[in-house]
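Report on the structure given below.
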Amino acid sequence: MDVLHLIYPCNRCNIRFRTPYDLENHFEFSPHHNICITCDEDFPSPLALKEHYAQSPRHPYCQPCDSHFWTGAELELHYENEHDYCGTCQMIFNSQEDVNEHHKQNHPYCTICRVLFTSYDELNDHWSSTHMSHCRATSDDISQTMSSPGPGIQAPQQIAFRTPTGVILTTDEVIDMIKSLGAGEAANEYVLNLSLIRL
């Protein structure tokens, strides 16, 4: 074979090919190449290529599954159906319990119903209409649900509770009272007699 006809080089492997097809074939099947076809980039290792997929906004890619998707919406749906996932923060967790704990610490979340809300006002409305008059939740559930959110998140300070005698209490005061009463009927009865108010 005449060397002059080998004009399509692979610089990484120091080999030349006769046709562009032969060169592309080499790129595709050689273990020395890890090519992202979309970006037309060759990476030094399979791990580097996977990192590229995971970091690049051009690639809807699920790293734990090593799966590609056509759109970001398909990837999001995959995360929601196949992984323990917080869509708000776009984070995958190890278990549903970890997701629930994350929601409790960082989002308006009812730990009794395990429902995530878009705002603390929405959570307060839910609490008022569902739990304050209709359910016999344990004092532990109530104090967890009403506890303040995680770092960097501020719960609205414009709510309070009114006792049957008209005394206005803050959320922290109600939580302290529930804790002092302990789990059981006394704490449940206390909570069911409170009215949620906005200041």
GLU97 - accessible surface, heavy atoms, 1.4 Å probe, Å² rounded to 10: 120
Area of THR130 that stays accessible when all protein chains are in place (1.4 Å probe, Å², to 10): 50
Ranked order, GLU122, GLU82 - accessible area, probe 1.4 Å, largest first: GLU82, GLU122
FRET E, pair ILE168, GLN105, Förster distance 30 Å, beta-carbon r, rounded to 0.05: 0.65
Stretch gain in nm, segment HIS59-HIS26, where the contour uses 0.36 nm per residue and the Cα spacing is subtracted: 9.5 nm
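The values are calculated or read from the model by the stated rules, or taken from the named source; none is laboratory data. Computed from a predicted model, the values in this text were never measured in an experiment. Heads up, the Cβs are rebuilt from the backbone with ideal geometry, glycines too, and the neighbour counts pull from every protein chain shown. Note: accessible area is taken over every heavy atom of the protein model, side chains too, but ligands, DNA and RNA are not part of it. Shrake-Rupley method; radii C 1.70, N 1.55, O 1.52, S 1.80 Å.
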